[in-house]
Amino acid sequence: MLPTLREGDLLLVAYGVRIRPGDLVVARFVDGTLTVKRAVERRRTRSGAAGWWLLSDNPEEGVDSRHRGVVPEADVHAVVRARVWPSPRVGRRLRRR
């Protein structure tokens, strides 16, 4: 599967909005890496805190929750709303059902 986004894409993101399964989100892994991944489902972290299971759209290339575990909800910072460059894509094209 080809990735939804490519290196160098400029994204429009929304902070403080409700995250829904299927959204592309900006998150920070426990090692400090800032990443864009697909929010698949709500899960609990090892400590019992609310979190998200995040997966790569291109699983052969990406590092995601299969490697790093559940990402705490506080570390999921924004939802991607559109790719504005090089060619805009908005709304459902970036969402998976």
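Within this structure, V79 passes the test of being outside any loop (DSSP other than H, G, I, E, B) and at pLDDT 95 or above. Considering the range 21-47, and only residues there that are surrounded by fewer than 12 Cβ atoms within 10 Å (Cβ to Cβ) and out of contact with any Gly (no Cβ under 8 Å at 6 or more places or on another chain), the residue that is nearest to P72 (Cα to Cα) turns out to be S47.
Would you point out the residue of the range 63-74, among those that are touching a Gly at 6+ places or on another chain (Cβ under 8 Å) and not in a loop (DSSP other than H, G, I, E, B), that is nearest to Y15 (Cα to Cα)? By that ranking, first place goes to E73.
Restricted to the range 48-62, and to residues that are at pLDDT 95 or above and out of contact with any strand residue (DSSP E or B) (no Cβ under 6 Å at 6 or more places or on another chain), which residue is nearest to D75 (Cα to Cα)? Selected residue: A50. Can you spot a residue in the range 11-23 that is of a type outside the set (K, R) and touching a helix residue (DSSP H, G or I) at 6+ places or on another chain (Cβ under 6 Å)? Within the range 11-23, not a single residue is of a type outside the set (K, R) and touching a helix residue (DSSP H, G or I) at 6+ places or on another chain (Cβ under 6 Å). One residue alone among R38, R42, R97 is more than 19 Å from R6 (Cα to Cα), out of contact with any helix residue (DSSP H, G or I) (no Cβ under 7 Å at 6 or more places or on another chain) and modelled with pLDDT of 90 or more, and that residue is R42. Residues of the range 1-60 that are under 13 Å from V80 (Cβ atoms) and aromatic (F, W, Y): Y15 alone.
Scanning the range 24-57 for residues that are over 9 Å from the mean Cα position of the chain (by Cα) and hydroxyl-bearing (S, T, Y) yields T33, T45, S47.
The values are calculated or read from the model by the stated rules, or taken from the named source; none is laboratory data. Please read all numbers here as calculations on a predicted model, not as lab measurements. Every residue, glycine among them, receives a Cβ derived from its backbone with ideal geometry; neighbour counts consider all protein chains shown.
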